[in-house]
Amino acid sequence: MFRLLETIKLSGKKFYNLEYHQSRLNKARKELFGLTNEIDLAEELKIPAGISDSVFKVRVIYSDKIHDVEFHPYTMRNINSLQIVEANDIDYSYKYEDRSKLQKLLCKCTADDVLIIKNGFVTDTSYSNIVLSKGSKFFTPTSFLLSGTKRQKLLAAGVINEVEVSASDLNKYEKIYLINSMMDLDEQQGIPVEKIKGLEVL
């Protein structure tokens with residue numbers, strides 16, 4: 001049985017967006033394994049004694065049950081450049097522990113990360129959803145690979161809006177931001193869209 005992953009932010013001994021992780025975990029277990037008994041993450045996750053108030057990345061590895069919970073000190077990655085990579089066969093609709101297909105895309109990359117184009121549409125980077133800015137408004141593509149928990153929360157709060165974004169639409173936007181469970185929109189300055197490698201050949 002293959003395994004899946006939830007990556008949860010812990011800061012100040014508090015878990016963030018737990019309800020979104022809980023929903024995605026149990027949805028995946030139902031759709032992939034036919035399981036209807038729900039796992040309660042609030043009950044399952046125990047903060048280790050003596051842990052500091054710093055930021056930790058909590059990795060929950062699971063399939064039909066939780067196999068492991070790992071706590072890792074977290075430092076936000078510095079992503080200053082992106083490169084367009086086409087991958088029409090990529091599928092990451094569930095957060096699989098095995099990320100080898102995404103890692104292979106990075107082998108083609110000379111930037112800090114890849115911006116994945118699938119069937120002509122903008123999706124995600126190798127480890128995040130994306131947000132595009134135009135003036136004071138923020139948008140996220142409908143053609144995402146993974147339904148990220150931070151993306152879901154920002155949509156529910158009305159901070160970002162879903163739009164269809166083809167590869168050729170990218171130059172209509174000003175900046176691109178990377179979001180995931182560990183990275184917030186307001187923690188970044190954004191990368192100017194015109195600096196994305198490969199944009200000039202679209």
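Criterion applied to 96, 62 was being crowded, with 17+ Cβ neighbours inside 10 Å, in contact with a Leu (Cβ under 9 Å, 6 or more places away or on another chain) and assigned by TED's automatic domain parsing to the domain that holds residue 144, and the one residue passing it is 96. Within the stretch 5-16, one or more residues are part of a loop (DSSP other than H, G, I, E, B), buried (at least 17 other Cβ atoms within 10 Å of the Cβ) and under 15 Å from the mean Cα position of the chain (by Cα). Checking 101, 150, 137 one by one, the residue that is without any contact (Cβ under 8 Å) to a residue 24 or more places away in the chain and not hydrophobic (A, V, I, L, M, F, W, C) is 101 and no other.
Out of all the residues in the stretch 19-33, which are among the aliphatic types (A, V, I, L, M) and either crowded, with 19+ Cβ neighbours inside 10 Å or touching a Pro at 6+ places or on another chain (Cβ under 8 Å) (or both)? If the condition is that a residue be among the aliphatic types (A, V, I, L, M) and either crowded, with 19+ Cβ neighbours inside 10 Å or touching a Pro at 6+ places or on another chain (Cβ under 8 Å) (or both), then 25, 28 are the ones that fit. Please verify whether residue 146 is within 23 Å of residue 86 (Cβ to Cβ) and outside any helix (DSSP H, G or I), treating the condition exactly as stated. So residue 146 fits the description; yes. Quick check on this structure: which one of 26, 37 is out of contact with any strand residue (DSSP E or B) (no Cβ under 9 Å at 6 or more places or on another chain), over 16 Å from residue 181 (Cα atoms), modelled with pLDDT of 95 or more and part of a loop (DSSP other than H, G, I, E, B)? Sole residue among the options that is out of contact with any strand residue (DSSP E or B) (no Cβ under 9 Å at 6 or more places or on another chain), over 16 Å from residue 181 (Cα atoms), modelled with pLDDT of 95 or more and part of a loop (DSSP other than H, G, I, E, B): 37.
The values are calculated or read from the model by the stated rules, or taken from the named source; none is laboratory data. Note that the structure is predicted; figures quoted are calculated from it, not measured. Heads up, the Cβs are rebuilt from the backbone with ideal geometry, glycines too, and the neighbour counts pull from every protein chain shown.
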